[in-house]
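Here's the structure we're looking at; comments come further down.
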Amino acid sequence: QVQLVESGGGLVQAGGSLRLSCAASGMIFSTNAMGWYRRAPGKQRELVAAISFGGITNYADSVKGRFTISRDNAKNTVDLRMNSLKPEDTAVYYCNLHVQFPQMDYWGKGTLVTVSS
């Protein structure tokens, strides 16, 4: 019932910036959290950043100070602004929407971010 579509991935040189966007559509419950996860080559999926419906944010230590997550509740979108990108940021980034009651997660198909040295 919920579909998430990511955009903004691409190739960028180390030190550059990129903005990822995610648009949610369908039957969306207002009380939800949204976030970005990533899976690097040969690595497990990890949480990059998350934001509650009220705007409370949480970041992985590896991206703290470089990435900024934001959301627009009226438009059902969430953005991830990435600055000072490093080669280790290379991964497929997935948009996530989490509903607490009943507990349920929705995922986008992912967008590839490649950072060259």
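The values are calculated or read from the model by the stated rules, or taken from the named source; none is laboratory data. Model, not experiment: these values are computed from the prediction. Every residue, glycine as well, gets a Cβ built from its backbone with ideal geometry; the counts of neighbours run over all protein chains shown. For the accessible areas, the whole protein counts, side chains as well, though only heavy atoms, and no ligand, DNA or RNA atoms are used. Shrake-Rupley method; radii C 1.70, N 1.55, O 1.52, S 1.80 Å.
What residue among Ala50, Gly8, Tyr37 has its Cα farthest toward the positive end of the dipole of the chain, where the charges are +1 on Lys, Arg and -1 on Asp, Glu, each on the Cβ?
The listed residue farthest towards the positive side: Gly8.
Given R₀ = 35 Å, FRET efficiency for Ser62-Ile28 by Cβ-Cβ distance, to 0.05? Don't jump to the answer; show the numbers that get you there.
Numbers: r = 30 Å, r/R0 = 0.85.
Between Ser62 and Ile28 the formula returns 0.75.
Please report the carbon-and-sulfur percent of the accessible area for region 1-83; probe 1.4 Å, protein heavy atoms only, DNA, RNA and ligands left out. Could the numbers behind the result be given before it?
Values: 2320 of 4760 Å².
Of all accessible area on region 1-83, carbon and sulfur atoms account for 49 percent.
Could you work out, for region 48-117, what percent of all Cα-Cα pairs fall into each 5 Å distance bin, beginning at 0 Å and stopping at the bin that holds the largest distance?
3, 14, 23, 26, 18, 9, 4, 1, 0
Check each of the trypsin sites (Lys or Arg not before Pro) in region 22-113 and keep only those in coil by DSSP with at most 15 other C-beta atoms within 10 angstrom; list them in order.
Values: sites: Arg38, Arg39, Lys43, Arg45, Lys64, Arg66, Arg71, Lys75, Arg81, Lys109; in loops: Lys43, Arg45, Lys64, Arg66, Lys75, Lys109.
Passing both the DSSP loop test and the Cβ count: Lys43, Arg45, Lys64, Arg66, Lys75, Lys109.
With the Cα gyration tensor of region 39-80 in hand, give its eigenvalues times 5 under a square root as the equivalent ellipsoid semi-axes, listed largest first in whole angstrom.
On the way: eigenvalues 96, 29, 15 Å².
Computed over region 39-80, the values are 22, 12, 9 Å.
In what sequence, largest accessible area first, do Asp89, Asp105, Asp61, Asp79 appear using a 1.4 Å probe?
On the way: Asp89 0, Asp105 70, Asp61 130, Asp79 30 Å².
From most exposed to least exposed: Asp61, Asp105, Asp79, Asp89.
Excluding Met82 itself, what net charge comes from residues whose Cβ is under 11 Å from its Cβ, given Lys and Arg +1 and Asp and Glu -1?
Working: positive: Arg19, Arg38, Arg66, Arg81, Lys86; negative: Asp79, Asp89.
For residues surrounding Met82, the net value is +3.
Please report the accessible area of Thr68 (heavy atoms, 1.4 Å probe, ligands and nucleic acids excluded) in Å², nearest 10.
Its accessible surface works out to 70 Å², give or take rounding.
So for Glu88, Glu46, what's the accessible-area order with a 1.4 Å probe, most first? Spell out each step's value before the answer.
Details: Glu88 120, Glu46 75 Å².
Sorted descending by solvent-accessible area, the residues read Glu88, Glu46.
Measuring with a 1.4 Å probe in the full set of protein chains, what accessible area per residue, in whole Å², belongs to region 17-68? All intermediate terms of the calculation are to be shown ahead of the outcome.
Details: 3010 Å² over 52 residues.
Value for region 17-68: 58 Å² per residue.
Excluding His98 itself, what net charge comes from residues whose Cβ is under 13 Å from its Cβ, given Lys and Arg +1 and Asp and Glu -1? Write out the running numbers ahead of the final one.
Numbers: positive: Arg71; negative: Asp105.
In short, 0.
Could you sort Met27, Met104, Met82 by accessible area so the largest value comes first, with the probe set to 1.4 Å?
Met27, Met104, Met82
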